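Undergrad: The structure follows.
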Amino acid sequence: MAQRHSLTIPYGAPVLAISFLACVATGLELSINNHAADFPLSTTRGSSVSLSCLVHNSSQAENLLWYRGEGQVGLKDGNKVNISHICIHPVSESDNGVTFTCRLARDKSVQVSVILDVKFPPQLSGEQTLHIEEEKGVTLTCNSKSNPQAQTTWYKDNNDLTLQQGRYEIHQTSEVFQLSIRKVQKSDNGTYTCVVESSLGKGTKDFHLIIEDKKAVFPKEAVITAVVVVAIAIFFGVVARRDKLCKCFKKSNSETAL
């Protein structure tokens, strides 16, 4: 007679299976501002952004969670069930590129996200005075963020800067703009202006470059050699003088004894 084998089912598995089947059967999903899939949202600095997360095809009360990046957003008790709202005000540059995600509390794999695309003009201003010794190098640095990314132009004394190959070098990233000058000359004296410009506006910064006379190089090696020579000469001089003083001292002692 064939033996029957019973299959052991872990405690709680039926509940999970039923929940899973319920989600599949009902097509449970979330949406943010009527978007059921992840999407970008363009906005501007200083504005307000309102995000509404809604549960679809739910047969029961569902709790919702909000995240800013990896950090959970605190919600009031009346703003968690089936629909939840958050407001970002005012929107700042630090919100650019940040992902806001709404998740189902009992199954965090059910989620939808929005990525903020914050538009703002270049932020650059002020001036700086630099005193540089002739034939030394200098780097002028403009730090500026913007969205969309800005273009940079360098001017000298309000005229287009002619870049001399081998002496001038420009380095540019999304936030840093640098002009390097090798072996500055008196002709490099003047005001250099960094202009950072995008479709939303522009910023400027002035660098007043003052080239000073080259200082005489102090011959350290020669001085050290001279000091050593003088020290040796003094040492041998003292030694030689000591012999004479000793002889004189002995002679004086013998004369005194008589």
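The values are calculated or read from the model by the stated rules, or taken from the named source; none is laboratory data. Keep in mind that this is a model prediction, so the values were computed, not measured. Because the Cβ atoms are built from the backbone with ideal geometry, glycine has one as well, and the counts that use them run over all protein chains shown. Calculation scope for accessible area: heavy atoms of the full protein, side chains included, ligands and nucleic acids excluded. Shrake-Rupley method; radii C 1.70, N 1.55, O 1.52, S 1.80 Å.
Undergrad: If you check A36, A13, which single one turns out to be of a type in the set (A, V, I, L, M) and at pLDDT below 95?
TA: Working: A36 fails: at pLDDT below 95.
A13 is the lone residue from the list that is of a type in the set (A, V, I, L, M) and at pLDDT below 95.
Undergrad: crowded, with 17+ Cβ neighbours inside 10 Å and either in contact (Cβ under 8 Å) with a residue 60 or more places away in the chain or assigned to a loop (DSSP other than H, G, I, E, B) (or both): is that true of P90 in this structure?
TA: no
Undergrad: Can you say whether N147 is touching a Phe, Trp or Tyr at 6+ places or on another chain (Cβ under 7 Å), polar (S, T, N, Q) and touching a residue at least 40 places away in the same chain (Cβ under 8 Å), as far as the supplied structure shows?
TA: So N147 fits the description; yes.
Undergrad: What's the total number of residues in segment 103-144 that are free of Cβ contacts under 8 Å to residues at least 60 places away in the same chain and open to solvent by 80 Å² or more (accessible area, probe 1.4 Å)?
TA: Residues flagged as free of Cβ contacts under 8 Å to residues at least 60 places away in the same chain and open to solvent by 80 Å² or more (accessible area, probe 1.4 Å) within segment 103-144 amount to 4.
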